[in-house]
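One structure is given below, encoded as C-alpha cells.
Values in this text are rule-based calculations from the coordinates and carry no lab data. Everything numeric here is computed off the predicted structure, so don't read it as measured data. Cβ atoms come from the backbone with ideal geometry, glycine included; neighbour counts cover every protein chain shown.
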Amino acid sequence: MLRDVFAGPYARTFARAQQDEDDLFMVVVMAEALGVPNPASYYTVELLPVVYDQVHDWHRRMGLDRSPLDHFSCC
C-alpha cells in the first residue's frame, strides 16, 4: 500500500522511463542488424531471439511503417 501512495503519482513517469530504457536496449541489441557498427555484437547476438517478439511494437513506436530489418518482416 505504501508503494502505491508514494509511487502512484509518478507511475506514468516510471513507465515512460522504462519504455525509453527498453527502446535503447533494442537499438543496442539490433545495432548490427540495422547497419550500425557495434563493438559488443559478439555478446548481443545471443539476445536477438529474445527481442524478435518485440520488433513490431518497437518499430511502430519509433515511427517506422515497416520493419527496418531486411530479413525479418513482422507486418
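Of note:
- Each peptide in 48-59, 4-15 gets a packing score, the mean of other Cβ atoms within 10 Å over its residues, and the list from highest to lowest is 48-59, 4-15.
- Note on residue 43 and residue 25: the model spin-label points, each 7 Å out from Cα along the C-beta direction, lie 1.5 nm apart.
- Mean residue ellipticity at 222 nm, helices only, the chain: -17000 deg cm²/dmol; runs of at least 4 DSSP H residues each add -39,500 (n - 2.57), and the sum is divided by the number of residues.
- Whole-number percent relative contact order across the chain, with pairs defined as alpha carbons under 8 Å at least 6 apart: 20 percent
- In the chain, taking the dipole from charged Cβ atoms about the Cα centre, the farthest positive-side position among 31, 2, 15 is held by 2.
- Rounded to 10°, Cα long-axis angle of helix 11-34 versus longest principal axis of the chain: 10 degrees
- Alpha carbon convex hull of the chain, projected area averaged over orientations, nm²: 6.7 nm²
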